[in-house]
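The values are calculated or read from the model by the stated rules, or taken from the named source; none is laboratory data. The shown structure was predicted, so the numbers you read here are calculated from the model rather than taken from an experiment. Cβ sites come from the backbone with ideal geometry, for glycine too, and all protein chains shown count toward neighbours.
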Amino acid sequence: MSRHVMRVTALALGLAGLLTASSLPAGAGPSDTGLKGAIDTILSDPRLDGAAAGVVVADAATGDSLYQRNGGDRLMPASNTKIATSVAAMALLGPEYRFRTEVLATARPKGGVLRGDLYLRGTGDPTTLARDYDALAARVAAAGVRRVAGRLVADDTRFDDNRLGRSWAADDESSYYSAQISPLTVAPDTDYDSGTVIVEASPAPRAGAKPLVALTPATRYVRVDNRATTVPAGRPGTLTVERAHGTNTITVKGEIPVQGTPTKEWITVQEPTGYAAAVFADALAAHGVRVTGPARLGVATPSAAKPLAVHTSMPLKDLMRPFMKLSNNMHAEALTKTIGHQVEGRGTWSAGLAAVDAYLRQEDVETATIRQVDGSGLSRMNLFPAAQLARLLVAVQDAPWYADWHASLPVACAPDRAEGGTLRSRMCGTPAALNARAKTGSLTGASALSGYVTDAGGRLLVYSVVLNNHLASSVKSIEDAIVVTLARSDTAANTIRPAAPQRARSAEPSAGLECSWRKPQPC
């Protein structure tokens, strides 16, 4: 009997209960549990006046519904969309899947000269660093190449040339969490923020001079238009850093005081393929390899070409951690297109999302109730009922890759950012601390939290909280109060110890952006 059939047999009654609960009217739920009154009270917080709330709590072992409020309503999930994308990637690509970035040629060098073009071929790795391109260049030099009597060709044909997701906000164009997607790209840091450069502006030693601007990685692919001024110490800093639409001109404007704190921004590039080619070309030159012709983008590598150097990414099970802990949008989109190529032979959003949808149906998720238009949840067109998120969290627990995927979820109040991720400052000093694991989600007017928590009686629970259309700057403490209530209660014994939402504080994460997206001081 297949794993899928065994899972359906074992959980049929429980999942049927979760389905039934999702169709109940608002406020309805299992009677006499004590949990309904506690969560209903939390959801009566005035910050949710006029807002929409979809909330489901289920027994993780059986799928039995313990609480539901509007579980079938289609709400904007924000980054909870990454739950669907990530589990589909683990199932369809496999936890050991690795991306390859290759340097190839159709001839071997003779006398230090490579006749023909040098091909840089990417397959979608969103974690490739400048140092990885440097290592590739070093291997090309070690292969005896001193001059390329042709051009550097960047092969990004694994994906289509649609760089931005459906309905992504135009005013996010230079924001690093909305970078363009290409199978060839560069990440400037080990958060693997692919498709971006880090721009750091420091005050000059004297007032009246322009600030000092540095790029990481150092590259001529972008141009800095420095219009800013260093002002006397004590004056407020007003620097802004932004890339002009459709260009690689980054404008630095405003004022920075003498001895003031440098301003650091992560800015997207226009056309990541060209960015990768430029960084690699600089690395070749640094290793004594001269390329005669100009770079050419978007051309497929000939089938006769042989590898001169290969960079292999970390396995997907390890990539899951920066992806999910830090809610990295670009990882989600690269994986979506990679799934499309792997399953349907097309590196497109439509192919990838079709494969994700088919996988979710295999896990008994009612995909007819869902609209998913990207992998990350950045689009405001995504719709996902809380009941279906909860159902998916129940269903994947018996997958062979589940332990690795579960480990990628942020952990409440885990102080190490690589463990706590977007939850590292939340639910501290409660029974949910170091207990609850969940994927966060944040857009303006949309907030979500879905995952697992063990209650006071040792019972593992699944929960999904999706809140929409609120005008409050943050409703995160409402989500937290629900999870803390679960963690401090014995749900099987009906011993419920409600937690009240904390009032919003200035330090509370805003629902406008994931806290990990607030560079340079993320959660």
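Among residues of the stretch 189-203 that are in contact (Cβ under 8 Å) with a residue 40 or more places away in the chain and over 17 Å from Thr249 (Cβ atoms), those with a Cβ under 6 angstrom from a residue that is part of a loop (DSSP other than H, G, I, E, B) and among the β-branched types (Val, Ile, Thr), sequence gap 6+ or separate chain, pair up as Tyr192/Thr127; Ser194/Thr185; Pro203/Val258. Of the residues making up the stretch 55-69, those that are surrounded by fewer than 23 Cβ atoms within 10 Å (Cβ to Cβ) and farther than 27 Å from Leu335 by Cβ number 4. Go through the residues of the stretch 425-444 one by one and say whether even a single one is within 22 Å of Lys317 (Cα to Cα) and assigned to a helix (DSSP H, G or I). So far as the stretch 425-444 goes, no, none of its residues is within 22 Å of Lys317 (Cα to Cα) and assigned to a helix (DSSP H, G or I).
The single condition from (1) under 29 Å from Arg424 (Cβ atoms); (2) touching a Gly at 6+ places or on another chain (Cβ under 9 Å); (3) surrounded by fewer than 20 Cβ atoms within 10 Å (Cβ to Cβ) that Arg346 fails is (1). Checked against (1) hydroxyl-bearing (Ser, Thr, Tyr); (2) surrounded by fewer than 21 Cβ atoms within 10 Å (Cβ to Cβ); (3) touching a residue at least 40 places away in the same chain (Cβ under 8 Å), Thr240 passes all but a single condition, namely (3).
Restricting attention to the stretch 378-407 and to residues that are touching a Gly at 6+ places or on another chain (Cβ under 6 Å) and small (Gly, Ala, Ser), the residue that is farthest from Ser327 (Cα to Cα) turns out to be Ala387.
Residues that are out of contact with any strand residue (DSSP E or B) (no Cβ under 6 Å at 6 or more places or on another chain), aliphatic (A, V, I, L, M), buried (at least 20 other Cβ atoms within 10 Å of the Cβ) and assigned to a helix (DSSP H, G or I) do not occur anywhere in the stretch 289-303. Within the stretch 93-107, does at least one residue satisfy the condition of being in a loop (DSSP other than H, G, I, E, B), of a type outside the set (S, T, N, Q), more than 29 Å from the chain's Cα centre (by Cα) and at pLDDT below 95? Yes.
Quick grid of which residues meet (1) closer than 24 Å to Gly54 by Cα; (2) more than 21 Å from the chain's Cα centre (by Cα):
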site	(1), (2)
Ala407	no, no
Val411	yes, no
Asp416	no, no
Leu423	yes, no
Leu434	no, yes
Lys439	yes, no
Gly445	yes, no
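Every condition in (1) on the phi > 0 side of the Ramachandran plot; (2) surrounded by fewer than 17 Cβ atoms within 10 Å (Cβ to Cβ) is met by Ala135 except one, and the failing one is (1).
For the stretch 342-351, the condition holds for at least one residue, the condition being that it is over 22 Å from the mean Cα position of the chain (by Cα) and farther than 30 Å from Arg503 by Cα.
Output the number of residues of the stretch 44-70 satisfying the condition of being within 19 Å of Ile370 (Cβ to Cβ), out of contact with any Gly (no Cβ under 6 Å at 6 or more places or on another chain) and not in a strand (DSSP E or B). Here the count works out to 0. Here is the figure for the stretch 454-498: residues that are in a strand (DSSP E or B), surrounded by fewer than 22 Cβ atoms within 10 Å (Cβ to Cβ) and of a type in the set (Val, Ile, Thr) total 2. Considering only residues in the stretch 274-311 that are in contact with a helix residue (DSSP H, G or I) (Cβ under 9 Å, 6 or more places away or on another chain) and basic (Lys, Arg), the one that is nearest to Ala141 (Cα to Cα) turns out to be Arg290. Exactly one residue among Gly420, Gly451 is part of a helix (DSSP H, G or I), touching a helix residue (DSSP H, G or I) at 6+ places or on another chain (Cβ under 8 Å) and surrounded by 19 or more Cβ atoms within 10 Å (Cβ to Cβ), and that residue is Gly420. Residue selection: Ala387 fails the criterion of being under 28 Å from Leu66 (Cβ atoms) and in contact with an Asp or Glu (Cβ under 7 Å, 6 or more places away or on another chain). Listed by first and then second residue, the pairs with beta-carbon distance under 9 Å, at least 6 apart or on different chains, first residue in the stretch 315-336 and closer than 15 Å to Tyr177 by Cα, second among the acidic types (Asp, Glu) and surrounded by fewer than 24 Cβ atoms within 10 Å (Cβ to Cβ), are Pro322/Asp191; Lys325/Glu419; Leu326/Asp191; Asn328/Asp191.
Residues in the stretch 355-383 that are surrounded by 16 or more Cβ atoms within 10 Å (Cβ to Cβ), part of a helix (DSSP H, G or I) and of a type outside the set (Ser, Thr, Tyr): Ala355, Val356, Asp357, Leu360.
The residues of the stretch 116-151 that are in contact with a helix residue (DSSP H, G or I) (Cβ under 6 Å, 6 or more places away or on another chain) and in a loop (DSSP other than H, G, I, E, B), listed by number, are Gly124, Pro126. Does at least one position in the stretch 265-283 carry a residue that is without any contact (Cβ under 8 Å) to a residue 40 or more places away in the chain, within 14 Å of Phe99 (Cβ to Cβ) and either more than 15 Å from the chain's Cα centre (by Cα) or part of a helix (DSSP H, G or I) (or both)? Within the stretch 265-283, none of the residues are without any contact (Cβ under 8 Å) to a residue 40 or more places away in the chain, within 14 Å of Phe99 (Cβ to Cβ) and either more than 15 Å from the chain's Cα centre (by Cα) or part of a helix (DSSP H, G or I) (or both).
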